[in-house]
Amino acid sequence: MSDCRCKDKDVNIVCRCEDITLEEIREYIKNGVTDLEQLKRLLRVGMGPCQGRTCIPLIVREIAAYAGKPVEEIPLTTFRPPTVPVKLGVLAAGGEKDD
Amino acid sequence: MRQTEICIIGGGPAGLTAALKAAALGAEVTLVDRNDYLGGQLIKQTHRFFGSKEQRASERGISIAKELADAVESNKKINVLKKATALGYYKDGVLLVEQDEKIIKIKPKKLIVATGGAEKTLLFPNNDLPGIYGAGAVQTLVNVFGVKPGNKVLMVGAGNIGVIVSYQLLQAGVEVAAIIEAAPQIGSYWVHASKVVRAGVPIYTRHTIKRAWGDTEVEGATIVELDDNWQPIEGSEKDLDVDVICLSVGLSPLTELLWQAGCQMKYVPELGGHVPLRNENLETTVPGIYTAGDAAGIEEASAAMMEGALAGINAAHSLGYDAPDLNKQKEKILMELTGLRSGPVGEKIRRGLAKVTC
Ligand SMILES: Cc1cc2nc3c(=O)[nH]c(=O)nc-3n(C[C@H](O)[C@H](O)[C@H](O)COP(=O)(O)OP(=O)(O)OC[C@H]3O[C@@H](n4cnc5c(N)ncnc54)[C@H](O)[C@@H]3O)c2cc1C
Ligand code: FES
C-alpha cells in the first residue's frame, strides 16, 4: 500500500467554504459556544459560497451530540436572502425599469 | 415588477409537472430554474427507472425529462426563466430572482417551491483531498459531460444512488474497488445491486470510511467494520488503493425560500432533514405557498411528478380555475401516490410524512 506521509495526519474539514475543522468546532463548543448563531459569527461557518448547505447539518449534529439533545431541538439561524452569493454590482443596478 | 398567477421555483420533475397541470387548467405560470436546461436531477439519469409501467418504469430519466421540458417550453401559458436563481422571498410576497446578472422582481399570486435537494457529506480525516466527490457530482461529470472522475473509485453508501452511480461508472470504464454501507443491509433495490455484484464489485455492509490519504490528492482510503452499536471494530481496517472517493450518503431538502417565507418547518430524518408542514393539498402553513418533490421530503422522481401535479392543480384551483373532472384527477393522483408509497419500501416515507401532514 501507499507509504504516503499524510496517512496519519488528521484534517477533518467541517466547513469547506471557510476552511474550518472539526477540531476547531469542538474546541469552541467545549468552551461554551454551543449556539449555532454564535459559532457562525465567530468562525464564519455557514457564510461561504454554499451558504451552509454542506456544513450546517454537520455542525448541528456536533452541537446536539455535545448537549445530549436530539437534532430537532437545536435552533438554527435565521435564513436570509440571498440564497447564493450575488455580486454587489448586480444588486446595486436594481431591478427592471418599472420597479 | 413582474406579475404572474403562479410562480414555480425549480424545473425538475416536480416543477415541470406542476407547471403543465396548472397551465392545463388555464393558469398563467412563470417557471424559474437556475440551470440553463430544464429537467433537474432527471437529466443525469441514463438508467431505466424502477417502478410500475404507470409510473414510467423502464423509461430512462433523461427521456422523461426531455418530454416534460419540451411540453413546458412549447406551452404558451408557461413563461420559462432559465439560468435564473431565486435569491429570496420577502414578507410582501415579492420574489427576487437573478438572471444574466440582472435582478428581476416577481410578485406571484401563488408560489410553488420545487427546489429539490442538496447532497449530504461526511466527516472523516482528510475529507478535503481533491478526488472526493458527491455522487451527484460524479453523475454529472460522467453522464452529462462525459468526463471520468478518475480510475478507481470507493463508493460510500449502498442506497439506490450509490449503486446506480457505481454501475454507471463501470459502464464508463472506471473501476469500482468496493461499495461500503454503514447499515447492516443495503438500501438499494436488488435489481441494481445484483448487476454491480455480478460485475465483480464487492459490497461491504456494516462498513464505514475511516480516513482518506494522499499527499496532494486521494491515493487511497482505509475502511473499517462497524459493530452492532455502529462503533469501529479495531483491527478490521482494510486499505484500498483508490483515486476517487464518492460519497452517496443522501440528500437534504433545499428549503431556504420556505424558511424565508415563514413556513413552519420540522426536522424529519425520514425525509432527509428540515421540511415544511403541509396539508393534503401540499399547501404549507403560509397560505398560497405550495411545495412538491424533494424539497418537501427526499423521495424519488415518480413521487416528485405526482406531488408536482397535485401542487399545480391545487394552486390553479385556488385561483378559481376548474375542470369538470378536477376531483377525479386529484383522486387518481392521490391513489397512485399511495400505491407508490405502500409496502415495506415506502415504510420510511410514510412514517416521515405522518409527522408533517396536517
Ligand atoms: C443517481 C440518482 C438516481 C436516481 N434514480 C431514480 C430512479 O431510478 N427512479 C426515481 O423515481 N427517482 C430516482 N432518483 C431521484 C430523483 O432524481 C429525484 O427524486 C427527483 O429528481 C426530484 O425531483 P424534484 O423536481 O423535486 O427536484 P430536482 O430534480 O432536484 O429539481 C430541482 C430543480 O430546482 C432548481 N433550483 C433549486 N434551487 C433553486 C433556486 N433557488 N432558484 C432556481 N432554481 C432552483 C435546481 O436547479 C433543479 O433543476 C435518482 C436520483 C439520483 C441522484
Ligand atoms: S461548507 Fe460551510 S458555508 Fe459552505
Would you list, by chain and number, the lysines whose Cα falls below 20 Å from the Cα of B:K332, excluding same-chain residues fewer than 8 positions away? B:K21, B:K53
Helix-only [θ] at 222 nm, chain B, -39500 (n - 2.57) per DSSP H run of 4+, per residue, nearest 500, equals -8500 deg cm²/dmol
Calculate the length of the line joining the C-alpha centroid of segment B:126-145 to that of segment A:7-55, in whole Å. 22 Å
May I ask you to evaluate 6.51 cos²θ - 1.76 cosθ + 1.60, the Karplus curve with θ = phi - 60°, for each residue of segment A:62-72 and list the ³J(HN,Hα) values in order in whole Hz, giving x for glycine and proline? 5, 4, 5, 5, 5, 7, x, 10, x, 3, 5
Where both partners of a DSSP beta bridge lie in the protein assembly as shown, what percent of those bridges are antiparallel, to the nearest 5? 50 percent
Along the positive direction of the dipole of the protein assembly as shown (beta-carbon charges: Lys, Arg +1; Asp, Glu -1; about the Cα centre), which of B:V97, A:M47, A:A64 reaches farthest? B:V97
For the protein assembly as shown, average projected area of the Cα convex hull in nm²: 22.5 nm²
Express as a percent, rounded to the nearest 5, the fraction of DSSP beta bridges in chain B (both residues included) that run antiparallel. 45 percent
Kindly flag which residue pairs out of B:K109/B:K348; B:K105/B:K330; A:K97/B:K83 have an alpha-carbon separation exceeding 26 Å in this structure. B:K109/B:K348; B:K105/B:K330
Set of lysines with alpha-carbon distance to A:K40 below 24 Å, sequence-local pairs under 8 removed: A:K30, A:K69, A:K87, B:K120, B:K266
Per-residue HN-Hα couplings for segment A:11-28, Karplus 6.51 cos²θ - 1.76 cosθ + 1.60 at θ = phi - 60°, whole Hz, x for Gly and Pro? 10, 9, 7, 8, 10, 7, 5, 10, 6, 10, 8, 4, 4, 4, 4, 5, 4, 4
Per DSSP H run of at least 4 residues, take -39500 (n - 2.57); add these up for chain A, divide by its residues and hand me the 222 nm value, nearest 500 deg cm²/dmol. -9500 deg cm²/dmol
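Tell me, what are the semi-axes, in whole angstrom and largest first, of the equivalent ellipsoid of chain A as set by the roots of 5 times the Cα gyration tensor eigenvalues?
Whole-Å semi-axes of the equivalent ellipsoid: 32, 21, 11.
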Ignoring ligands, DNA and RNA, please state the percent of accessible area on the protein assembly as shown from carbon and sulfur, probe 1.4 Å. 51 percent
Counting Lys and Arg as +1 and Asp and Glu as -1, each charge on the Cβ, what is the dipole of the protein assembly as shown about the Cα centre in debye, to the nearest 20? 1020 debye
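Charges at C-beta only: +1 for Lys and Arg, -1 for Asp and Glu. How large is the resulting dipole of segment B:181-304 about its Cα centre, in Debye rounded to 20? Mind dumping the intermediate values first?
Values: 8 positive and 19 negative charges, 78 e Å.
With only Lys, Arg, Asp and Glu charged at Cβ, the dipole is about 380 debye.
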Given Cα pairs under 8 Å that are at least 6 residues apart, what percent is the relative contact order of chain A? 22 percent
May I ask for the distance between the Cα centers of segment B:55-95 and segment B:282-358, given as a whole number of Å? 17 Å
For segment B:121-247, what's the relative contact order in percent, using C-alpha pairs closer than 8 Å and at least 6 residues apart? 32 percent
Chain B - charge dipole about Cα centre, Lys and Arg +1 at Cβ, Asp and Glu -1, debye rounded to 20: 1100 debye
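What does the average come to when, for each residue of peptide B:122-129, you count the partner chain Cβ atoms lying within 10 Å of its Cβ?
Values: counts 2, 10, 4, 9, 7, 6, 6, 3.
Taking all residues of B:122-129 together, the mean is 6.
The values are calculated or read from the model by the stated rules, or taken from the named source; none is laboratory data. Owing to the predicted nature of the structure, the values given are computational and were not obtained by experimental measurement. Glycine also receives a Cβ, built like all others from the backbone with ideal geometry; neighbour counts cover every protein chain displayed. These accessible areas exclude ligands, DNA and RNA; they are computed on the full protein's heavy atoms, side chains included. Shrake-Rupley method; radii C 1.70, N 1.55, O 1.52, S 1.80 Å.
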